Amino acid sequence: MKIRALTGNEAMAEAMRQINPDVVAAYPITPATEVVQIFASFVANGLVDTEFIPVESEHSALSACIGAAAAGARVITSTSSQGLALMHEVLFIAAGLRAPIVICEVNRSISSPINIHCDHSDTMGSREAGWVQIYAEDAQEAYDLTIQAIKIAEEIFLPVMVSTDGFIISHCMQRVEVMEDKEVQEIIGVHRSPYSLFDKPITIGPLDLQDYFFEHKRQQIEVMNQSLPVIEKVMSEFNARFNRTYSIFKTYKIEDAEQVVVLCGSTCGTARVAIDKMREKGIKVGLVKLHIIRPFPHKELIELLKSFKLITVLDRSDTMSTMGGPIYVELRSAMYGCSQHPTIVDYIYGLGGRDIDVEQIMEVLLNGEEIIKQKKVATPIGYIGLRE
Amino acid sequence: MKDKKGWRELPIGTIITEPGSAREFKTGDWRSQRPVWDANKCSSCLICFIYCPDNSIKIGDDSKMTGVDLDYCKGCGICANECPKKAIQMEIEKR
Ligand code: SF4
Ligand code: SF4
């Protein structure tokens, strides 16, 4: 193990080098450009055995990845924002064909208006594409989760995207513990595809009409149903080997809390500082950091959250459904099946890279204390750091 | 529909493990008109073979046209239109 100073992009590229995928097909886009730019230099310098395909668009990038996966290859690409949007059509195809591709995704807002900074509208807009979605909080998690992602993808034969917050994680240099190449290879093992274009003649991606399409979709729903235990298994193997504490979500000071904040991504760190400061004032608050958004771990979250008085969700994107952000919408939907109904409120924050600080989160938590006291929610959906 | 396989029995990812299975997909029942071939008028120039988008013009070992494969012919009428000998007529398909 080595300790290095790496940005999130460098950390993901380093994980890719150690994974040594058979094929990487990619197209540059801010703020994810560096991931494959750095990886391309590894290819040029002969540090990996990868076939690197520089394509003319993200649509082509993911299409080439599917072709490679169909041939039984271990495949990774990277993108962001509009790039993921351009892949949208192909995201569904990759999942439907059960191609175990990994995307190192760097979260950035989606136009319009044009903006290059962080929010989660790109990946949150792809929730229904059939990909496993993992969110990282910092460069270390970006590195660790990329390695876990390839293992998860290849165990369940579903594509996986690992997301990091644009610029906040992708471009900030942090302390990262990097494993030995050999250790990474040992944990990911050899990729064995259940089918390959090279073994014997097979057809991939045929027309599938009224008679079988539904059955194939049901299969896809089932593999999502069964993916959480696999994700947990991969995480615990990783934890045991590298002394980490990954799980589908991570709690912070929730034991005696009345109010818990639920969120994902880089703001978790800011929120933890806010929680500490609130606790100094004697206010009992805690935090739940979500790593896995797809599949949505609803049963586990109900179990975890059912007895709190207030759940405060922080969403870095909006569903435009007039029902709040995606985490809020899904969490509320999940909690409907629970006999206890804690109050849930939502705050949209950080759109287009709008900064969020400790004081703002403390204010939100104080509002929450007021809601608990008054037993009344005036506005269930609020906005942090927005000029009225 | 009931005799078809359930979702648990299918190979993953829509893959088809049997090569050449497109042969089993008989597209002939899409047809609303059928080409009727008159062997006496036909000179076996094979223009219809070249034009047929469904590869449904049958050719014998002697490279002569032997008829239309109605299992796959979708009845587009291109062969009838292109035939220089007017050896193919389109008729309404009766089922
Ligand atoms: S185009 Fe007409 S003449 Fe030529 S092979 Fe076909 S049916 Fe016969
Ligand atoms: S009708 Fe169309 S499909 Fe049928 S044999 Fe003629 S050209 Fe081919």
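The values are calculated or read from the model by the stated rules, or taken from the named source; none is laboratory data. Values in this document were obtained by computation on a predicted structure and should not be read as measured data. Cβ coordinates were reconstructed from backbone atoms using ideal geometry, including for glycine residues, and neighbour counts include every protein chain displayed. When the accessible area is computed, the model is the full protein with side chains, heavy atoms only, and any ligands, DNA or RNA have been set aside. Shrake-Rupley method; radii C 1.70, N 1.55, O 1.52, S 1.80 Å.
Points worth noting:
- So A:E34, is it in contact (Cβ under 8 Å) with a residue 40 or more places away in the chain and outside any strand (DSSP E or B): yes
- Being within 14 Å of chain A (Cβ to nearest Cβ) and more than 9 Å from ligand 1 (Cβ to nearest atom) is true of B:L10.
- Applying the criterion of being touching a residue at least 40 places away in the same chain (Cβ under 8 Å) and surrounded by fewer than 20 Cβ atoms within 10 Å (Cβ to Cβ) to the residues of region A:69-95, the residue that is farthest from the other protein chains (Cβ to nearest Cβ) is A:Q82.
- Selection within region B:59-80 - more than 10 Å from ligand 1 (Cβ to nearest atom) and open to solvent by less than 20 Å² (accessible area, probe 1.4 Å): B:C73, B:G75, B:G77
- Residue within region B:30-40 that is open to solvent by 40 Å² or more (accessible area, probe 1.4 Å) and within 14 Å of chain A (Cβ to nearest Cβ) present: yes
- When each of A:G189, A:G205 is tested for being assigned by TED's automatic domain parsing to the domain that holds A:E128 and more than 30 Å from A:K2 (Cβ to Cβ), the lone residue that passes is A:G205.
- Within region A:213-262, restricting attention to residues that are of a type in the set (G, A, S) and away from chain B (no Cβ under 14 Å), the residue that is farthest from the chain's Cα centre (by Cα) is A:A257.
Per-residue answers, yes or no, for (1) closer than 26 Å to A:F167 by Cα; (2) open to solvent by 30 Å² or more (accessible area, probe 1.4 Å); (3) among the charged types (D, E, K, R):
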position	(1), (2), (3)
A:Q360	yes, yes, no
A:E363	yes, yes, yes
A:G368	no, no, no
A:I371	no, no, no
A:Q374	no, yes, no
A:I384	yes, no, no
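- Counting the residues of region B:81-95 that are within 7 Å of ligand 1 (Cβ to nearest atom) and open to solvent by less than 60 Å² (accessible area, probe 1.4 Å) gives 3.
- Restricting region A:347-364 to residues that are of a type outside the set (F, W, Y) and assigned to a loop (DSSP other than H, G, I, E, B) leaves a set whose member that is farthest from the chain's Cα centre (by Cα) is A:D357.
- The set of residues in region A:166-201 being among the charged types (D, E, K, R) and assigned to a helix (DSSP H, G or I) consists of A:D181, A:K182, A:E183, A:E186.
- Residue check for B:K86: out of contact with any Cys (no Cβ under 9 Å at 6 or more places or on another chain), near ligand 2 (Cβ under 8 Å from one of its atoms) and either within 14 Å of chain A (Cβ to nearest Cβ) or among the charged types (D, E, K, R) (or both): no
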